[in-house]
Each structure stands twice: as structure tokens, then as C-alpha cells.
Amino acid sequence: MKREDIDQILAEINNLKCKTQKEVEDARVKFLGKKGEVTRLFEEFRTVAPELKREFGKSLNELKQTVAARIDEMKANVGTDEAASGPKQDLSMPGEPYELGSRHPVSIVRKEIVDIFRKFGYDVAEGPEIEDDYHVFEALNFPPNHPARDMQDTFFVSTGHVNPLLLRTHTSSVQVRAMEKMKLPIRVVCPGRVFRNEAISARAHCIFHQIEGLYIDEDVTFADLKQAILLFAREMFGPETEIRMRPSFFPFTEPSAEVDVSCNICHGKGCNICKGTGWLEILGCGMVDPNVLEASGIDSKKYSGFAFGMGLERIAMLKWRVNDLRHYFENDMRFLREFSTAVEV
Ligand code: DAH
């Protein structure tokens, strides 16, 4: 046994840095265990020359105390193994809340309307938002100088040719596309975004949403239109709802009508929502003009049909009485969260 053996262990234990309790325990075994280095020195002590025994004995005892104290110190200061491998977890804590998104009010209304017409046997069709003049105006019987074709009302994407590209101003363009490619009879609803060159205010926006409906078959009459709209209105606004049709004009339908539903707030007595009339306007409709059928290659002598179109923001306004259109487009979370209970799981 040599002096250096003691010094070496001392140096080792002083420099030792344990990070986990397991490392502390390993160090204890390495130095103080049955076959540990300090224990081995005690065994070798027996062979030390008698005149050196006193000095070595003292050093050995000091070494053992130093090692034991150092190990105790580390044992007290080093965290648990779990702590070393990550933050302490309290498994009884509630989990991280998982935030559910919610449908936008316009999406809720669109889904409700589409679901109602699906029940009536309608398919869903979609068409492009960037359309051409033909599908938005010409095939729908708009005369060449109709004001809707004016730059004032329509956003043009390209001008200067016969069939300029533009942002569709209504989803009626999708009925043309449906007539072009679907087999008869046709029964579709076409939801989508539409664009108009309007100054943004509480009552007007340059983007909004519509749903178009189209039904074409043999012997479709105005009575079928009226019945379809009545059934829809009762599904949408409640079984007591009445409808009234007022004569109107659209280039693509003849005859045309605007439809009001009885005010479900005052039930006809008159309130500020229905402006005292007892009625709320919800859509435009009519019998598809024979010119429109013929333009898409449908024999207007054999087939007839009806069409209707409604604004989704308008229906959402009636449903939730949010009367500023801009709220529907600003994506203010405080507004959107108002509809989170309407989410379907
Ligand atoms: N396209 C019309 C609009 O944007 C709405 C409309 C009215 C659609 C009558 C129709 C209809 O299909 O028959 O104001």
C-alpha cells in the first residue's frame, strides 16, 4: 500500500460529479462497497510495516470519512432519477386542454341548408369562383347592356375579349355548368362564394355567400317550386313558418318571384327585425327561362324547371340577429367563439 493510493482516491472523490442517485450509489459501491477501493486499502493495511501503521491508519480513516461524507452530500443534493430525465410529472394533474375549433356561422347555415335539400334528394354541385362572362351572364339571358355587366358591379379579371374572365357575381353560374354536364333530371344545390364591386358597410360586402338551387325535369311547375320552398322554409325556420311570394324580375327566370318567410320573432305582429311588416325576405326564385334551358342544350318543349338563390349571410343575420355583415369576414375570435356551442361532434 502506497501513499499515492490514498491521494488518488481522494482526488477522484473530490472531482466526482454525480448527476443521478444511481450514479451516487455506483460511487458508493465503487469506493465503500465490499470490494470497493477504500475497503481494499483497509485489507492491504494488514501488510503495512508496523512503524508506518500509525500514520497510514490515520490517513485511511480520514479517507474513509471524506469519501462517506462526500457521498452523503451528493446523495442529499442530487435530484431523483426521474427529475434528471425530465420535469417532475404529477400524473394526477388534469391534462392539457385540447381546444376545439368551431364552425363559422356562414358554414353552419350552409350545412343546414345543404342538409335540408339533400333530404329532398338534391345533389351538391360546385363551380369556379373565377368564371367567364358566358356562364355568369350570357347563358343566363342577361342582355348585352345589362347593368350587372358593368365594371361598377363586377370584378373583371381580364377584359378586352368576347368572353372575359371575372369573379362570379352569383352562384347562378353553377346552374349553367350543371345543365351543361349533368344528365336529366337535374336536382342540385350549389353553395359558394360570390363577389361584387360594392363599398363595404354594415349591409353590403364585396364578398359573400350564396346557395343556388336548380330542379329540371318533365312537367315541373310553379306549384312544385312553391312546395319546395315552403318545405325548405319550415325545415329551416320552424314548422309554423308561412311563405309569401311577390312577383319580381330576373333575366334567367320567367315568371320570377321573391320569397318572404313569416317573421319567427313576432309571428306576424310586426317587430323591428321585420320592420313592422311581419315578413322577412329570404330568396329569389322562378321558373327557368326557356332561353336559359336552350342555351345549355336542353329541350324547353320537353323539360321545364325552377331555380332559386339565397344569400347565406342574410340567413345567418336572421338566425342570429348579427346585423353587421362585416363581422362575418373579420375573423375576430370573440365573434367566432360565440358560435362554438353550435359545433357538431
Ligand atoms: N342570382 C340571383 C342573385 O344573385 C339570385 C337568384 C334569383 C337566383 C332568382 C335564382 C333565381 O336561381 O331563380 O341575386
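The values are calculated or read from the model by the stated rules, or taken from the named source; none is laboratory data. As the structure is a prediction and not an experimental result, all values here were calculated from the model. Because the Cβ atoms are built from the backbone with ideal geometry, glycine has one as well, and the counts that use them run over all protein chains shown. These area figures cover heavy atoms from the full protein model, side chains too; ligands, DNA and RNA do not enter into them. Shrake-Rupley method; radii C 1.70, N 1.55, O 1.52, S 1.80 Å.
Some observations on this one:
- Additional length obtainable on full extension of the chain from LEU231 to GLU55, 0.36 nm per residue less Cα span: 52.5 nm
- Counted by Cβ distance under 15 Å from GLN152, the other residues give a net charge of -1, where Lys and Arg count +1 and Asp and Glu count -1.
- Inter-part distance where segment 88-159 and segment 15-48 are each reduced to a Cα centre, Å: 76 Å
- Cα-based reach from LYS301 at 16 Å (exclusive), listing aspartates and glutamates while leaving out same-chain residues under 8 positions away: ASP217, GLU218, ASP219, GLU254, ASP289
- Largest first and in whole Å, the equivalent-ellipsoid semi-axes of the chain read 87, 23, 19, each the square root of five times a Cα gyration tensor eigenvalue.
- Reach of LYS302 by Cα under 29 Å, taken over lysines that are not fewer than 8 positions away in the same chain: LYS119, LYS181, LYS183, LYS226
- Cα centroid separation, segment 267-331 to segment 200-238 (Å): 5 Å
- Residue-level accessible surface for ASP150, protein heavy atoms, 1.4 Å, Å²: 70 Å²
- Using a 4.7 Å Cβ-Cβ cutoff, the cysteines of the chain lacking any partner cysteine are CYS18, CYS190, CYS206, CYS285.
- Residue-count net charge about GLU131 - beta-carbon cut-off 10 Å; Lys, Arg +1, Asp, Glu -1: -1
- Extension gain, ASP72 to ASP153: 0.36 nm times the residue separation minus the Cα-Cα distance gives 20.7 nm.
- Partner lysines for LYS75 [C-alpha distance under 28 Å; skip if fewer than 8 residues away on the same chain]: LYS17, LYS19, LYS22, LYS30, LYS34, LYS35, LYS58, LYS64, LYS88
- Exposure of ILE200 as accessible area (Å², to 10), given a probe of 1.4 Å and all protein chains: 90 Å²
- Residues in segment 197-221 reached by a label modelled at ARG103 [backbone nitrogen below 18 Å; 7 Å Cα→Cβ]: 209-212
- Rolling a 1.4 Å probe across all protein chains gives HIS327 an accessible area of roughly 80 Å².
- Residues HIS170, HIS161, ordered by accessible area of protein heavy atoms at a 1.4 angstrom probe radius and largest first, appear as HIS161, HIS170.
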